[in-house]
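Notes follow once the structure below has been shown.
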Amino acid sequence: MQKQNKEEEVVLKDDFDRDLAERELKELLVRLDERKRHYSILDTKVDRIPQQKLLFSDFIERLNLPIDERARFYLYYGWNWGGKTAIGTYITALLAIGEDCRRFGLPYIGSKKNIWVGTKSGSNVKGVIHPYFLWEWSISRIPQELIDKVNMDNGILKSIIMKNGCKIQFITYDQWSENLQGWNPDWILLDEEPTNEDVWAELKARTRNPKCEMLITMTPLNWLTKVFEFFFEQKDESLVDMCRVYKVNSLDNPFTDKTWTKGMTEE
């Protein structure tokens, strides 16, 4: 009698697990398909987060102005979950893709040939920047067919050479400032601000090239750095008009886990 009951329990358990697994598999496949479509640069519209839409619209307007009428520096700052890195890498990817944006139904906002992407260290390149530009799920993924060559050094992404002649070079702030000297980029994306004053001075010096523009996306964890002072305590009237500042409210992000932010303020 005990054996029969045990067999019945096994049968019932097997039937339940199989049905559950099939349902979960179908749901998973649907979610994966939605996620793939949602994050692919080939069909993403930048309206997922209100401040992303605002910044992107402003960029479209400004990047279509003559170069001497545009801002030279853009600061996009706020706490986590604001979509700062996503919008920074997305805009950079579009500028690298350039005219080919029209082939893929992407918004064309101009083109850049020499791009620098800076971040704190090689681990940040590997864990954050590399995935945003090259992983399939990313909003900022550069289509593989547009890439001529990807250069790596000990597993760290060093550069992406586009078939259209654009070169994206990845730099880190833990390099000595001398290593940042050399050819002048025409677009610089800094993911988080450099706290080393020499490195910041060298990067800022690149904008002496009148065609070079810089976007900084940062969570101001270090707060009163030279980067912060450059934007908020700027006394040079000629530079005041060349700086644009956008503040991100992380709690406006509809993709933020609300159980995580419950009871929190932006501060």
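Scanning segment 118-169 for residues that are surrounded by fewer than 19 Cβ atoms within 10 Å (Cβ to Cβ), more than 19 Å from residue 185 (Cβ to Cβ) and of a type in the set (Ser, Thr, Tyr) gives 121, 123.
Here's the yes/no breakdown for (1) hydroxyl-bearing (Ser, Thr, Tyr); (2) open to solvent by less than 60 Å² (accessible area, probe 1.4 Å); (3) modelled with pLDDT of 90 or more; (4) in contact with a His (Cβ under 7 Å, 6 or more places away or on another chain):
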position	(1), (2), (3), (4)
16	no, no, no, no
24	no, no, no, no
29	no, no, no, no
39	yes, yes, no, no
59	no, yes, no, no
95	no, yes, yes, no
104	no, yes, no, no
113	no, no, yes, no
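So, residue 65, is that one of a type in the set (A, V, I, L, M, F, W, C), at pLDDT below 85, within 21 Å of residue 187 (Cα to Cα) and exposed (fewer than 13 other Cβ atoms within 10 Å of the Cβ) or not? Spell out the reasoning first.
Details: of a type in the set (A, V, I, L, M, F, W, C): yes; at pLDDT below 85: yes; within 21 Å of residue 187 (Cα to Cα): yes; exposed (fewer than 13 other Cβ atoms within 10 Å of the Cβ): yes.
In short, yes.
Can you tell me which residues in segment 137-155 are more than 24 Å from residue 214 (Cβ to Cβ), out of contact with any Lys or Arg (no Cβ under 7 Å at 6 or more places or on another chain) and not in a strand (DSSP E or B)? Of everything in segment 137-155, those that are more than 24 Å from residue 214 (Cβ to Cβ), out of contact with any Lys or Arg (no Cβ under 7 Å at 6 or more places or on another chain) and not in a strand (DSSP E or B) turn out to be 143, 144, 145, 154.
Scanning segment 68-110 for residues that are assigned to a helix (DSSP H, G or I) and without any contact (Cβ under 8 Å) to a residue 40 or more places away in the chain, we see that the one that is nearest to residue 187 (Cα to Cα) is 94. Figure legend. Inter-residue proximity from segment 199-222: first residues under 16 Å from residue 243 (Cα atoms) and hydroxyl-bearing (Ser, Thr, Tyr), second residues open to solvent by 30 Å² or more (accessible area, probe 1.4 Å) and part of a loop (DSSP other than H, G, I, E, B), beta-carbon distance below 7 Å, spacing 6+ or different chains. Indicated pairs: 207/72.
Could you say whether any residue in segment 86-98 is among the β-branched types (Val, Ile, Thr) and out of contact with any Leu (no Cβ under 8 Å at 6 or more places or on another chain)? Within segment 86-98 (the criterion being among the β-branched types (Val, Ile, Thr) and out of contact with any Leu (no Cβ under 8 Å at 6 or more places or on another chain)), the answer is no, since none of the residues qualifies.
The values are calculated or read from the model by the stated rules, or taken from the named source; none is laboratory data. What you are looking at is a predicted structure, and each value in this text was computed from that prediction instead of being measured. Positions of Cβ are backbone-derived with ideal geometry, glycine not excepted, and every protein chain shown enters the neighbour counts. Side chains included, ligands, DNA and RNA excluded: accessible areas come from the protein's heavy atoms. Shrake-Rupley method; radii C 1.70, N 1.55, O 1.52, S 1.80 Å.
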